[in-house]
Amino acid sequence: MSSPKRLSKLALLLAGAMLLPLPLTSTPVLANELVVADCVKCHDRPPKDILEAGESHRTEVSCVDCHEGHAPKSGDDIIPSCSKCHEGTDHFELENCLGCHTNPHTPLMITIGKNITEPCLTCHTDQMEQLQQHESKHTQQDCSNCHRATHGMIPDCTQCHSPHEKTMTQVDCLTCHKPHMPLQVTYPDDISSQKCAACHSDVLKMLTNSDAKHKTFSCATCHQKVHKTIPRCQNCHGETPHPATMHEKFPECGQCHGIAHNLNK
């Protein structure tokens, strides 16, 4: 039988061992690699965003394709760089992707800041070419002055411009004016003369009060396609509608017929 002294010594050794600190590990061992099904156990909002508006981030990649690992095992920096996948075009060379693509899980829900033009030009080159080749006050504006807040936003012209007449709508504006070259005014053959009268009311009034056959035609019948087109009378009436001697004495139609909107003036 052990002596009381030996038992007391053994008890002290056991107690001391129990008080020693256990070794700590900085990186706990995970039994298995993470899979997509694990992500939704904690992260509810990103999966919902991706499902609703993930676009190719939903159809082409999964959570673990972008987020390779998880803290603490993989460290704190598990947010991938956009250039990991997006490369090869001028647009993908831009810095601060999150300045417009604020939520990577809804990549095409794009927020536009103020005084933005250069980033837009990496995709929308045709629009800038029109602005530069056909200068107007629109040329002096940043893209974000009109296309503000969200990508693809098309403003109503009347937010800046007074309509030519009160009943005009956005559709009427765009019938004649192209936003990136607004001074190049074009229109379809069947445009109503009343649209022209919004600016040229005195001319239309003169025409409709005339007794000549010209009153039966629309403005666009003569002023075709492009604003300020002035046709030659001979386009309709031939080169010599009167005897040659009359044309020799009066070579200009207007010498007798005044103007086309009032032939008797």
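The values are calculated or read from the model by the stated rules, or taken from the named source; none is laboratory data. Not measured: the values here are computed from a predicted model. Note: ideal-geometry Cβ built from the backbone for every residue, glycine included; neighbour counts use all protein chains shown.
Observations on the structure shown:
- Some residue of the stretch 4-19 being modelled with pLDDT under 90 and within 19 Å of HIS105 (Cβ to Cβ): no
- Flag if ASN145 is loosely packed, with under 11 Cβ neighbours inside 10 Å, outside the structural domain of ALA198 (by TED's automatic domain parsing) and either of a type in the set (S, T, N, Q) or not in a strand (DSSP E or B) (or both): no
- Condition check for CYS233: closer than 30 Å to PRO163 by Cα and either at pLDDT 95 or above or out of contact with any Phe, Trp or Tyr (no Cβ under 7 Å at 6 or more places or on another chain) (or both): no
- Within the stretch 68-79, residues that are assigned to a loop (DSSP other than H, G, I, E, B) reach partners that are among the hydroxyl-bearing types (Ser, Thr, Tyr) and modelled with pLDDT under 75 with beta carbons closer than 7 Å, at six or more positions or on different chains, in the pairs GLU68/SER74; PRO72/THR27; LYS73/THR27.
- Restricting the first member to the stretch 230-248 and to residues that are assigned by TED's automatic domain parsing to the domain that holds LYS213, and the second to residues that are part of a helix (DSSP H, G or I) and surrounded by 11 or more Cβ atoms within 10 Å (Cβ to Cβ), the beta-carbon pairs closer than 6 Å and six or more apart or on different chains are PRO231/CYS222; THR240/HIS247.
- Look at (1) within 30 Å of ILE78 (Cβ to Cβ); (2) in a loop (DSSP other than H, G, I, E, B) and you find that SER162 fails only one, number (1).
- Of all residues in the stretch 90-138, those that are small (Gly, Ala, Ser) and outside any loop (DSSP other than H, G, I, E, B) total 1.
- Residues that are farther than 13 Å from HIS261 by Cβ, part of a helix (DSSP H, G or I) and at pLDDT below 95 occur at least once in the stretch 191-202.
- Evaluation of GLN159 against (1) closer than 30 Å to GLY113 by Cβ; (2) surrounded by 13 or more Cβ atoms within 10 Å (Cβ to Cβ) (one fails), failing number: (2)
- Checking the stated criteria, VAL171 turns out to be more than 23 Å from GLN132 (Cα to Cα), outside the structural domain of HIS257 (by TED's automatic domain parsing) and outside any loop (DSSP other than H, G, I, E, B).
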